[in-house]
Amino acid sequence: MRPHRLITAPMIACALVSPLVGGCEDDASRQRAAAQEAIETAGNDLELALVSSPLPGDDNFEATRGKLQGIVTGLTRLNGADEGQQVAADLLLAASHSRLAGMRLTEVQQIETNHRARRAELHSQLDAALRLDGLAEAREGLSSDGSRDHLEGERDKSEDRLAQFSQRLAELDEPISERRARNREDGGEATRLDGEANDLRREAARQGHAGGLGTYEEAIRLERKADQYEYRIAQRRNELEYEYMPEHQLAERRAELAREMMQTVSATENSLDEQDSIRANEIRTTRELVGQFRERIEAGLNEIDATAASELAERYDETLQHLEKTRTAANRALTRSPREGKDTARLALARAHEVEGRMYAARAMGLTGQAAILERLADAGDSVGNADRYRSELSRVTTAADEAVEKAKAALAEARDTLGSVTSKDARPHVAEVVAGLDRHLAALSGVEPPERMPAERSTGGRTSAPANTPARGFASADEIIALMSEGQDADFDAAVRVVDAIHTPSATSRSMVKGLRSILEPMSEFMSAISDTFGEDALEQLQSAPGMDGMTTQYDDIEITNRTDDVVTVKYTEPDGSTPTLDLVKVGDAWFIDGDSMVATMAPEELQSMDMVSAMMGQMFGGMAKRIRAGEFASVEEFQQAMMQEMMGGAGMGGMPEGMGAPGVPSDR
């Protein structure tokens, strides 16, 4: 269930009051009748366009825009309209252009959202490029020169030690060789003498004691001479074993260690060469990656710039053109309207200023995000290059962002001032809420605290609806709710009230929606009762069968249960525009209710704010007209027709208010 069905229908019907109570034909002027028919057609088409909320890219987005353009074209060519009809046409024109501006603004916001996502990618790519650049610089800061100097020193030391020990080995080799040679000679002489002495001993033994004494003594002499050789050999062995050889072995070991050190130095130098080569390759690869990120960032910026200069700029221009046409039509209506109808034109003007503020706020947000990435790129310097170009671009974008902020503030302030001139007492609480929202947005743009909220005045003029916090009355089962939805009748206000009373409102959003519905249902019911009691059932039947009143229905076509559990039943139904939304029926305690949150799932908060405002205005108008009818102010249907046209001709123009009355701040991409 879209709440627009209970809000936009009476607006359109009231703008078409002539065919309801007096007929379209005016014998005095066929042109007036043709104008009335054109207004009727435009009103019906506008209702369908307002009920539909397509997004850019949806199949029916361009169809809806084309339908609105058709409304504008038809109303622009309107000829022969009287003063009241022209006011109604101007308000319909304002509503149509406002809706067209809102659709273009939706496209603007979608493009800006895409740019914001693209800039987020650029920030990530810049982060990666800066990390890689830092890694490359760190690797470039690594040097093997110190290690190589140290190794060179170790090699020199090792070579000196090797030379020293080699020299000492050479010095030791001579005495060692000389002693070994002498030992070999003396050993041979001692062996010869021992052999001769042994031979003499045998000869002495053969000669006997008397004859062999001399031979024996000669043998003893040779043995003593051999002992002398052995003694000298022993002395030289001791010198070799305890003096020369230990020193020789030590020098030899130290020389070997020096050679090993030199080999280690050479191997380490080879390893350093390999590491330097690897590091150079890594630095080159890292720099290539930084270059790739730099190219991607530049391509991304060029892509954003190209879209901003073409498609986005066109959407901004078209939005401004529609807003200017909205203001032109609303100002014409404001000038021509009677006092009772001027508030509708003021609301249309406020809406145009508010949309303009949102548009410039969106532009400021996009430019601020662009400035953020440009500032980082400029600060990166040589890491990503083109720093001077980025700084120049940053200056231009920052100036443009500041200008957009100032324009947004001026437009929102103008919307606030225009809302301040609304005189309807019943609309004041809702206007005050919107003004408070505008103050918050202005404060966000200005960087100051918002003023205190305006006190919401309560008024009973034309308002007979229940308080917004009236407890919901549930059903015994979900099937009872489905039966009520299936059997509803057009303009059955008792059934409509029963449906509204069964809405469960767990959130502030759904409570706001129910508040708006209640503020119009009972005054509308009283208005229709007054018509029936005063002018007869025929006039009432004409009203109930009027174009646009088919929206005042509690009947839902093609209801289908898509999911059922113990606590939740989800149904799907068909709207007049052919869409098939879903609705949840929920069990709370022992009773079943319509889930308000599922009803407003596709409605933005600002859309609900606007609905509250429109509901209050329409409730006051219906209630006031009902009182005037019952007071006997109108002696004939014709008099009622004229008064109704004067007071209610602005109703159709209010159909342009479903768009939001809020404006975003200016957040950064990061």
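So that you can scan it fast, the table gives a plain yes or no per residue for (1) under 19 Å from the mean Cα position of the chain (by Cα); (2) buried (at least 20 other Cβ atoms within 10 Å of the Cβ); (3) of a type in the set (D, E, K, R):
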site: Lys325; (1), (2), (3): no, yes, yes
site: Ala348; (1), (2), (3): no, yes, no
site: Glu354; (1), (2), (3): no, yes, yes
site: Arg358; (1), (2), (3): yes, yes, yes
site: Leu367; (1), (2), (3): yes, yes, no
Here are the criteria: (1) crowded, with 16+ Cβ neighbours inside 10 Å; (2) more than 30 Å from Asn281 (Cα to Cα). Tell me which single one Arg202 does not satisfy.
(1)
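Is it the case that Glu217 is closer than 19 Å to Arg179 by Cβ and exposed (fewer than 15 other Cβ atoms within 10 Å of the Cβ)?
Values: closer than 19 Å to Arg179 by Cβ: no; exposed (fewer than 15 other Cβ atoms within 10 Å of the Cβ): yes.
Answer is no for this residue.
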Go over the candidates Glu112, Glu121, Glu107 one by one and state the one that is farther than 21 Å from Gln321 by Cα and touching a residue at least 24 places away in the same chain (Cβ under 8 Å).
Glu121
Please tell me if Gly208 is open to solvent by less than 80 Å² (accessible area, probe 1.4 Å), out of contact with any strand residue (DSSP E or B) (no Cβ under 8 Å at 6 or more places or on another chain) and at pLDDT 90 or above.
no
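Check Arg161, Arg180 and return the single one that is open to solvent by 40 Å² or more (accessible area, probe 1.4 Å), under 22 Å from Arg232 (Cα atoms) and touching a residue at least 60 places away in the same chain (Cβ under 8 Å). Break it down stepwise before answering.
Details: Arg161 fails: under 22 Å from Arg232 (Cα atoms).
Arg180 is the lone residue from the list that is open to solvent by 40 Å² or more (accessible area, probe 1.4 Å), under 22 Å from Arg232 (Cα atoms) and touching a residue at least 60 places away in the same chain (Cβ under 8 Å).
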Of all residues in the stretch 12-68, which are part of a loop (DSSP other than H, G, I, E, B), modelled with pLDDT of 80 or more and either surrounded by 24 or more Cβ atoms within 10 Å (Cβ to Cβ) or among the hydrophobic types (A, V, I, L, M, F, W, C) (or both)?
Leu55
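For residues that are of a type outside the set (Ser, Thr, Tyr) and in contact with a helix residue (DSSP H, G or I) (Cβ under 8 Å, 6 or more places away or on another chain), scanning just the stretch 265-276, find the one that is least open to solvent (accessible area, probe 1.4 Å).
Taking the stretch 265-276 as the starting set, the residues that turn out to be of a type outside the set (Ser, Thr, Tyr) are 265, 267, 269-270, 272-276.
Still in the list and also in contact with a helix residue (DSSP H, G or I) (Cβ under 8 Å, 6 or more places away or on another chain): 265, 269, 272.
On the way: Val265: 2, Glu269: 35, Leu272: 21 Å².
That would be Val265.
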Those residues that are more than 22 Å from Ile297 (Cβ to Cβ), in contact (Cβ under 8 Å) with a residue 24 or more places away in the chain and open to solvent by less than 40 Å² (accessible area, probe 1.4 Å), I need them from the stretch 126-153; list them, please.
Ser144, Leu151
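Of the residues that make up the stretch 207-217, is at least one touching a residue at least 40 places away in the same chain (Cβ under 8 Å), aromatic (Phe, Trp, Tyr) and in a helix (DSSP H, G or I)?
If we filter the stretch 207-217 for residues that are touching a residue at least 40 places away in the same chain (Cβ under 8 Å), which is where we start, we get none.
Among the residues of the stretch 207-217, not one is touching a residue at least 40 places away in the same chain (Cβ under 8 Å), aromatic (Phe, Trp, Tyr) and in a helix (DSSP H, G or I), which makes the answer no.
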Among Thr344, Thr368, the single one that is out of contact with any strand residue (DSSP E or B) (no Cβ under 8 Å at 6 or more places or on another chain), modelled with pLDDT under 90 and either part of a helix (DSSP H, G or I) or not β-branched (Val, Ile, Thr) (or both) is Thr344
Could you please give the count of residues in the stretch 69-102 that are crowded, with 18+ Cβ neighbours inside 10 Å and farther than 18 Å from Gln36 by Cα?
6
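Checking the condition within 23 Å of Glu295 (Cα to Cα), open to solvent by less than 60 Å² (accessible area, probe 1.4 Å) and touching a Gly at 6+ places or on another chain (Cβ under 8 Å), which residue from His115, His123 passes?
Values: His123 fails: touching a Gly at 6+ places or on another chain (Cβ under 8 Å).
Unique residue meeting the criteria: His115.
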Candidate set: the stretch 519-545, residues that are crowded, with 21+ Cβ neighbours inside 10 Å and more than 19 Å from Arg628 (Cβ to Cβ); chosen: the one modelled with the lowest pLDDT
Ser519
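Given the criteria among the basic types (Lys, Arg), at negative phi and either modelled with pLDDT of 80 or more or under 27 Å from the mean Cα position of the chain (by Cα) (or both), does Arg376 qualify? Step through it out loud before you land on a result.
On the way: among the basic types (Lys, Arg): yes; at negative phi: yes; either modelled with pLDDT of 80 or more or under 27 Å from the mean Cα position of the chain (by Cα) (or both): yes.
Yes; evaluated as a whole, the condition is true for this residue.
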Hey, can you tell me all the residues within the stretch 600-622 that are surrounded by 23 or more Cβ atoms within 10 Å (Cβ to Cβ) and either farther than 14 Å from Val514 by Cα or at pLDDT 70 or above (or both)?
Val600, Met617, Met618, Gly619, Met621, Phe622
Filter the stretch 558-590 for residues that are at pLDDT 85 or above and assigned to a loop (DSSP other than H, G, I, E, B); the one that is surrounded by the fewest Cβ atoms within 10 Å (Cβ to Cβ) is Thr565
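Given the criteria at pLDDT below 90, assigned to a helix (DSSP H, G or I) and either open to solvent by 60 Å² or more (accessible area, probe 1.4 Å) or of a type in the set (A, V, I, L, M) (or both), does Ala333 qualify? It would help to see each step written out before you state the result.
On the way: at pLDDT below 90: yes; assigned to a helix (DSSP H, G or I): yes; either open to solvent by 60 Å² or more (accessible area, probe 1.4 Å) or of a type in the set (A, V, I, L, M) (or both): yes.
Judged against the criteria, Ala333 is a match.
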Are any of the residues in the stretch 192-201 under 18 Å from Arg236 (Cα atoms) and assigned to a helix (DSSP H, G or I)?
no
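Taking the stretch 287-304 as the region of interest, how many residues are more than 19 Å from Pro56 (Cβ to Cβ) and under 19 Å from the mean Cα position of the chain (by Cα)? Walk me through it before giving the result.
Residues of the stretch 287-304 that are more than 19 Å from Pro56 (Cβ to Cβ), as a first pass: 287-302.
Next, from what is left, pick out any that are under 19 Å from the mean Cα position of the chain (by Cα): 297, 300-301.
Matching residues across the stretch 287-304 total 3.
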Can you tell me how many residues within the stretch 47-75 are within 16 Å of Thr326 (Cα to Cα) and of a type in the set (D, E, K, R)?
1
Scanning the stretch 237-264 for residues that are among the charged types (D, E, K, R) and without any contact (Cβ under 8 Å) to a residue 60 or more places away in the chain, which turns out most open to solvent (accessible area, probe 1.4 Å)?
Arg237
So for the stretch 257-278 (the condition being part of a helix (DSSP H, G or I) and more than 30 Å from Asp145 (Cα to Cα)), does at least one residue qualify?
no
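Here is a yes/no grid of residues against (1) crowded, with 24+ Cβ neighbours inside 10 Å; (2) free of Cβ contacts under 8 Å to residues at least 24 places away in the same chain; (3) of a type outside the set (Ser, Thr, Tyr):
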position	(1), (2), (3)
Ser337	yes, no, no
Asp379	no, yes, yes
Gly385	no, no, yes
Val405	no, no, yes
Residue by residue through the stretch 414-431, note down the ones that are surrounded by fewer than 17 Cβ atoms within 10 Å (Cβ to Cβ) and part of a helix (DSSP H, G or I).
Asp417, Gly420
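Quick check on Gly74: is it among the small types (Gly, Ala, Ser) and either under 26 Å from the mean Cα position of the chain (by Cα) or modelled with pLDDT of 85 or more (or both)? Lay out the reasoning, then the answer.
Numbers: among the small types (Gly, Ala, Ser): yes; either under 26 Å from the mean Cα position of the chain (by Cα) or modelled with pLDDT of 85 or more (or both): yes.
Spelling it out, Gly74 is indeed among the small types (Gly, Ala, Ser) and either under 26 Å from the mean Cα position of the chain (by Cα) or modelled with pLDDT of 85 or more (or both).
The values are calculated or read from the model by the stated rules, or taken from the named source; none is laboratory data. Please read all numbers here as calculations on a predicted model, not as lab measurements. Glycine gets a Cβ as well: all are built from the backbone with ideal geometry, and neighbour counts include every protein chain shown. Side chains are part of the model used for accessible areas, which takes the heavy atoms of the whole protein and leaves out ligands, DNA and RNA. Shrake-Rupley method; radii C 1.70, N 1.55, O 1.52, S 1.80 Å.
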